[in-house]
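In what follows, a single structure is set out as structure tokens and then discussed.
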Amino acid sequence: MQASAVELYASRLSELQNRIDAAASSAGRDPSEITSIVVSKFHPAEVVRALYDCGVRDFGENRHQEAEQKALETEDLDINWHFVGQLQSKKARAATRYAKTIHSLDRASVVTALSKIDFVIDGFIQVNMTADFDRGGVEPVDLEAMVEQVLATPSIKLRGVMAVAPLDEDPLKAFERLAGYSERVTKLEPRASSISAGMTHDFEQAIQFGATHLRIGSAITGERPKNG
Ligand SMILES: *Cc1c(COP(=O)(O)O)cnc(C)c1O
């Protein structure tokens with residue numbers, strides 16, 4: 001990786017941190033309670049390495065095969081991998097070989113698959129915020145049932161809720177709704193108060209409604225190849 005690329009990443013990271021600090025401050029929140037995960041999908045391991053040299057430790061991926069390969073290529077680094085994409089239940093156990101946090105618990109079958117591991121991972125329940133049943137995430141009416149299933153699974157420590165704001169809705173409205181889902185979860189498990197929300201184009205709005213885990217891709221890595 002060229003020195004200039006590392007400088008570019010460092011300047012994007014510091015600009016991102018400034019915007020996070022400002023959004024947290026205007027929401028009356030402490031920025032230190034907000035974790036930024038850099039989503040490295042579609043970018044090679046060298047990009048992960050360069051970002052690591054800039055101090056990034058939390059990385060996100062959304063496809064198992066790509067994530068597994070990248071984690072292998074960077075296994076000498078002390079990275080916290082987050083799995084943020086849709087996970088097939090037959091790949092769920094394999095994903096926990098590198099990812100210690102799964103943000104996309106969205107079906108009973110995935111939770112059942114993860115009940116078979118003999119260590120503990122962190123998990124977020126993904127909630128579908130769109131009217132489209134094919135999108136990832138549990139339907140809001142099924143949220144409590146999913147929480148109960150995860151709480152009955154000793155190998156998953158429930159951290160909270162995760163969502164992607166719909167493209168056709170004001171993100172502020174979506175994140176306000178998500179904060180309501182988060183409250184429903186904390187009624188059942190007060191410690192599961194984290195909210196994984198906010199991407200390059202809407203993280204400031206997510207911070208306003210309590211996001212604790214931002215998933216930021218292109219603001220740091222630059223544009224992805226198409227279909228990213
Ligand atoms: C790609 C992706 C992100 C990051 O998206 P950007 O808009 O590039 O910041 C966040 N969350 C999920 C689930 C993703 O797939």
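How many angstrom lie between the C-alpha centres of the range 20-79 and the range 97-121?
20
For the chain, with all protein chains present and a 1.4 Å probe, just round the carbon and sulfur fraction of the accessible area to a whole percent.
Details: 5470 of 11070 Å².
Carbon plus sulfur share of accessible area: 49 percent.
My understanding is that a pair violates if its Cα-Cα distance is over 21 Å; which of Lys90/Lys187; Lys41/Lys91; Lys91/Lys187 do that in this structure?
The answer is Lys90/Lys187; Lys91/Lys187.
Which whole-number value in Å² is the accessible area per residue of the chain, probe 1.4 Å?
Details: 11070 Å² over 228 residues.
Heavy-atom SASA per residue in the chain reads 49 Å².
Given the peptides 44-55, 128-139, arrange them by the average over their residues of other C-beta atoms within 10 Å, most packed first.
Values: 44-55: 16.9, 128-139: 15.4.
Highest mean packing first, the order is 44-55, 128-139.
So how do 58-67, 206-215 stack up, highest first, on mean other-Cβ count within 10 Å?
Numbers: 58-67: 20.5, 206-215: 24.6.
Ranking the peptides 58-67, 206-215 by packing returns 206-215, 58-67.
Could I have the simple spin-label model distance between Lys90 and Glu7, label points 7 Å from Cα toward Cβ, reported in nm to one decimal?
Roughly 5.0 nm, to one decimal.
What relative contact order, as a whole-number percentage, does the chain give when Cα pairs under 8 Å and 6 or more residues apart are counted? List each step's numbers first, then the result.
Details: 405 pairs, mean separation 45.4, N = 228.
The value is 20 percent.
Let me know the shape class of the chain, please: from the alpha-carbon gyration tensor, a ≥ b ≥ c as square roots of the eigenvalues, rounded when a/c is under 1.5, otherwise prolate if a/b is greater than b/c, or oblate.
Oblate is the answer for the chain, as a/c is 1.5 or above yet b/c matches or exceeds a/b.
The values are calculated or read from the model by the stated rules, or taken from the named source; none is laboratory data. The structure displayed is predicted, hence computed values, not measured ones. Cβ coordinates were reconstructed from backbone atoms using ideal geometry, including for glycine residues, and neighbour counts include every protein chain displayed. Please note that ligands, DNA and RNA were not included when accessible areas were found on the heavy atoms of the full protein model with its side chains. Shrake-Rupley method; radii C 1.70, N 1.55, O 1.52, S 1.80 Å.
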